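Remarks on the structure that follows.
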Amino acid sequence: MNEESERRLARNEILFRDTNEAIERGQWLADSGKHVRFRCECSRLDCNRAVPITLADYEQVRRFPRRFVLAPGHEMPEIETVVDRGEDHVVVEKKDAAGETAAAADPRQ
């Protein structure tokens with residue numbers, strides 16, 4: 001996969017991460033153990049899968065700007081590595097150009 005394709009796919013995932021940031025802002029911090037339905041942050045623009053994870057788990061993912069939470073089976077090994085698996089989700093870390101793009105666009109940096 002060429003570098004521009006990697007960056008384009010990462011930008012798709014960044015759109016969903018931005019949506020999830022807004023979802024998280026609407027939650028009470030005291031409910032950090034409560035499951036919330038976040039959007040799958042995969043690169044498929046037509047994906048509408050919900051990923052139920054706790055706020056605490058989502059915060060753990062967001063500590064790393066190259067990491068995203070996806071529905072199982074939505075991983076793309078060409079641009080990301082699975083770093084964790086939960087019951088209803090996987091956490092991936094972007095590699096190479098996709099990782100650079102994700103880190104540069106992280107709203108928390």
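The values are calculated or read from the model by the stated rules, or taken from the named source; none is laboratory data. In this text the structure is predicted, and so the values were computed from the model without any measurement. No Cβ is skipped: glycine too gets one built from the backbone with ideal geometry, and neighbour counts run over all protein chains shown.
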>> Looking at Val92, Val83 in this structure, which one is within 11 Å of the chain's Cα centre (by Cα) and either at pLDDT 95 or above or over 16 Å from Phe38 (Cβ atoms) (or both)?
In response: Val92
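Do we find a residue being modelled with pLDDT of 90 or more and farther than 19 Å from Ala103 by Cβ anywhere in the range 11-23? Spell out the reasoning first.
Residues of the range 11-23 modelled with pLDDT of 90 or more: none.
No.
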> Can you name the condition, by its number, that Arg25 falls short on among (1) free of Cβ contacts under 8 Å to residues at least 24 places away in the same chain; (2) under 29 Å from Met1 (Cα atoms)?
Replying inline: (2)
> Which one of Cys47, Cys42 is within 17 Å of Asn12 (Cα to Cα), over 12 Å from the mean Cα position of the chain (by Cα) and not polar (S, T, N, Q)?
Replying inline: Cys47
> Across the range 28-87, what is the number of residues that are part of a loop (DSSP other than H, G, I, E, B) and touching a residue at least 12 places away in the same chain (Cβ under 8 Å)?
Replying inline: 22
> For the subset of the range 48-91 comprising residues that are farther than 19 Å from Arg108 by Cβ and of a type in the set (Gly, Ala, Ser), which member is surrounded by the fewest Cβ atoms within 10 Å (Cβ to Cβ)?
Replying inline: Gly73
